[in-house]
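The values are calculated or read from the model by the stated rules, or taken from the named source; none is laboratory data. All of these numbers come straight from a predicted model, not from anything done at the bench. Ideal geometry is used to build each Cβ from the backbone, glycine not excepted, and the neighbour counts take in all protein chains shown.
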Amino acid sequence: MSKHDLKIVAEKLRTAASVAVLTGAGISAESGLATFRDPDGLWQQFRPEELANVNAFLSNPSLVQLWYQSRRRASVEAEPNPGHLALVQLQQRWNSFTLITQNVDGLHKRAGSTNVIELHGNILRNYCIDCRREATLSLDASEISRCLVCGGLIRPDVVWFGEQLPPAAISRAYDAASSADAFLSIGTSAVVFPAADLPIAAKRNGSFVVEINTEETAISSMVDVSLRGQAGAVLPALLRTLDEVTV
Ligand code: NAD
Ligand code: ZN
């Protein structure tokens, strides 16, 4: 992340009337939550795709439940980091600011972000696979939980591999991405569709697209500027640079 690149981004943001942001697991990495590319030790023998799908759940609900319980507890115990907090500060500078997240940990809302679209659901919510009623699940439940009304299996309210995203959420996300003057793609490998299409849609509609990531990603070659580094360092630096260009 060079000072020069930060300045270019800050100048563009200063003149943008609307801003959209897409975040992925990388923004929560500094809160201690494992990304999918960097699995936590306990679950290293499984690929997330093997657990985060409906067939895995139906064939071994206890295993999938155990994985989600461990991620759920980690999410509750985690605290928002300087990256989440910087996005709360950023949101206050625009009337039109939309935060689209692929994360299911709820940390953006806990940090204080308001206009948040949770594209892949929220790990703290659960529902019955049969009657679809929302169900509460204790954080220490170790047995597979069943619906108190119909006895159906309780699953997390997240979007699994092979499932459709909530239509209202993806449509709002596309609207925000394609009308944004500036678009920030933060801590996402940009390989899970349709979320990964949002920066592309933004670019197609003339948005200035910036990536913030520790590594190169699938969209690095098409973005206007790549700010390499940890979101928790780059975003506060961007805020400081914005203050410098606006005085
Ligand atoms: P991903 O694991 O595919 O990619 C994470 C990206 O973050 C990588 O490109 C990595 O280089 C980058 N990164 C790591 N640390 C970073 C840091 N400190 N600052 C900036 N970038 C950093 O995750 P994804 O792109 O979000 O997509 C896959 C799926 O992962 C999504 O469906 C999401 O729901 C799910 N997921 C969510 C959580 C969570 O809610 N915390 C955790 C794991 C996975
Ligand atoms: Zn039920």
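Asn126 is checked against (1) away from ligand 2 (no atom under 16 Å from the Cβ); (2) surrounded by 20 or more Cβ atoms within 10 Å (Cβ to Cβ); (3) not small (Gly, Ala, Ser) and fails just one. What number does that condition carry?
If we test Asn126 against (1) away from ligand 2 (no atom under 16 Å from the Cβ); (2) surrounded by 20 or more Cβ atoms within 10 Å (Cβ to Cβ); (3) not small (Gly, Ala, Ser), just (1) comes out false.
Please specify each residue of region 36-79 satisfying the condition of being free of Cβ contacts under 8 Å to residues at least 60 places away in the same chain, of a type outside the set (A, V, I, L, M, F, W, C) and not in a helix (DSSP H, G or I).
Listed by number, the residues that qualify are Asp38, Pro39, Asp40, Gln44, Gln45, Arg47, Asn60, Glu79.
Within region 133-152, can one find any residue that is at positive phi and away from ligand 1 (no atom under 15 Å from the Cβ)?
yes
Can you name the residue in region 208-223 that is surrounded by fewer than 24 Cβ atoms within 10 Å (Cβ to Cβ) and in contact (Cβ under 8 Å) with a residue 40 or more places away in the chain and is also farthest from His108 (Cα to Cα) among such residues?
If we take residues in region 208-223 being surrounded by fewer than 24 Cβ atoms within 10 Å (Cβ to Cβ) and in contact (Cβ under 8 Å) with a residue 40 or more places away in the chain, then Phe208 is farthest from His108 (Cα to Cα).
Consider only pairs whose beta carbons are under 9 Å apart and that are at least six residues apart or on different chains; among these, list those whose first residue lies in region 128-139 and is among the hydroxyl-bearing types (Ser, Thr, Tyr) and whose second residue is in a loop (DSSP other than H, G, I, E, B) and more than 6 Å from ligand 2 (Cβ to nearest atom).
Between residues of region 128-139 that are among the hydroxyl-bearing types (Ser, Thr, Tyr) and residues that are in a loop (DSSP other than H, G, I, E, B) and more than 6 Å from ligand 2 (Cβ to nearest atom), the close pairs are Ser138/Ser145.
From (1) away from ligand 1 (no atom under 15 Å from the Cβ); (2) more than 30 Å from Ala17 (Cα to Cα), pick out the condition that doesn't hold for Val158.
The number of the failed condition is (1).
Do you know which residues across region 197-238 are in a helix (DSSP H, G or I) and in contact with a Leu (Cβ under 7 Å, 6 or more places away or on another chain)?
Leu198, Pro199, Val234, Leu235, Ala237, Leu238, listed by residue number.
Consider Asn55 against the criteria (1) of a type in the set (S, T, N, Q); (2) more than 13 Å from ligand 1 (Cβ to nearest atom); (3) more than 29 Å from Ser171 (Cα to Cα): it satisfies all of them except one. Which criterion is unmet?
Among (1) of a type in the set (S, T, N, Q); (2) more than 13 Å from ligand 1 (Cβ to nearest atom); (3) more than 29 Å from Ser171 (Cα to Cα), the lone unmet condition for Asn55 is (3).
Looking only at region 225-244, count how many residues are out of contact with any Ser or Thr (no Cβ under 8 Å at 6 or more places or on another chain) and surrounded by fewer than 16 Cβ atoms within 10 Å (Cβ to Cβ).
4
May I ask you to verify whether Thr188 is assigned to a loop (DSSP other than H, G, I, E, B) and either touching a residue at least 24 places away in the same chain (Cβ under 8 Å) or under 29 Å from Asp38 (Cα atoms) (or both)? Break it down stepwise before answering.
Details: assigned to a loop (DSSP other than H, G, I, E, B): yes; either touching a residue at least 24 places away in the same chain (Cβ under 8 Å) or under 29 Å from Asp38 (Cα atoms) (or both): yes.
The answer is yes for Thr188.
Exactly one condition in (1) in contact (Cβ under 8 Å) with a residue 40 or more places away in the chain; (2) surrounded by fewer than 20 Cβ atoms within 10 Å (Cβ to Cβ) is not met by Asn103; state its number.
(2)
Which of the residues belonging to region 190-207 are at pLDDT below 95 and crowded, with 20+ Cβ neighbours inside 10 Å?
Hits for region 190-207 are Ala190, Ala195.
Scan region 142-176 for residues that are surrounded by 15 or more Cβ atoms within 10 Å (Cβ to Cβ) and within 16 Å of ligand 2 (Cβ to nearest atom) and report the count.
10
At least 1 residues that are among the hydroxyl-bearing types (Ser, Thr, Tyr) and at pLDDT 95 or above in each: list the strands (runs of 3 or more DSSP E) lying fully within region 82-167 that qualify.
96-101, 121-128
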